[in-house]
1. What does the net charge come to around residue 26 if you take all other residues with beta carbon closer than 15 Å to its beta carbon, with K and R at +1 and D and E at -1?
2. Before I look further, what does the chain give for accessible area per residue, probe 1.4 Å, in whole square angstrom?
3. Do you know the relative contact order of the chain, to the nearest whole percent, from alpha carbon pairs under 8 angstrom that are 6+ apart?
4. When the scattering of the chain is computed by the Debye formula from its Cα atoms alone, each counted once and equally, what is log10 I(q)/I(0) at q = 0.18, 0.22, 0.24, 0.27 Å⁻¹?
5. Whose amide H sits under 5 Å from the amide H of residue 53, counting only residues 5 or more places off or on another chain, with H placed in the peptide plane?
6. In the Gaussian network model of the chain, springs joining C-alpha atoms below 10 Å, which of 40, 24, 32 carries the largest mean-square fluctuation?
7. Percent of accessible area on the chain owned by carbon and sulfur, 1.4 Å probe?
8. With springs connecting C-alpha atoms under 10 Å apart, model the chain as a Gaussian network and identify which of 42, 51, 62 has the largest mean-square fluctuation.
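The values are calculated or read from the model by the stated rules, or taken from the named source; none is laboratory data. All values reported here derive from a predicted model rather than from experimental measurement. When we count neighbours, we look across all protein chains shown, and the Cβ atoms used for this are built from the backbone with ideal geometry, even at glycine. Heavy atoms of the whole protein, side chains included, go into the accessibility calculation; ligands, DNA and RNA do not. Shrake-Rupley method; radii C 1.70, N 1.55, O 1.52, S 1.80 Å.
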Amino acid sequence: MDSNTLNPQVLKRSNLIVNGVALVVIGVGCFVLLGWIFDVDAMKTIIPDLASMKVNTAISFALRGFGLFFVRQNPALVQ
């Protein structure tokens, strides 16, 4: 096997993992944003007893997740 080719199963699995991570990041960002919108302190932090995630960080999480998801769907966006 040529070193420049990828196994299709490995490529498919890595795409699934990246899409899953993107969805988790989007979910975390949206969850925290909902916590700020409805003023629920428990939703403003990812891990209890730690500092809350700020609104701009939650928006950044959601946008980064969307960006990662869309780049994986359309690799031509990278170039």
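1. +2
2. 77 Å²
3. The value is 34 percent.
4. The Debye formula, applied to the Cα set alone, gives -0.77, -0.95, -1.04, -1.17.
5. Correct list: 45, 46.
6. Residue with maximal mean-square fluctuation among 40, 24, 32: 40.
7. 67 percent
8. The residue that fluctuates most here is 51.
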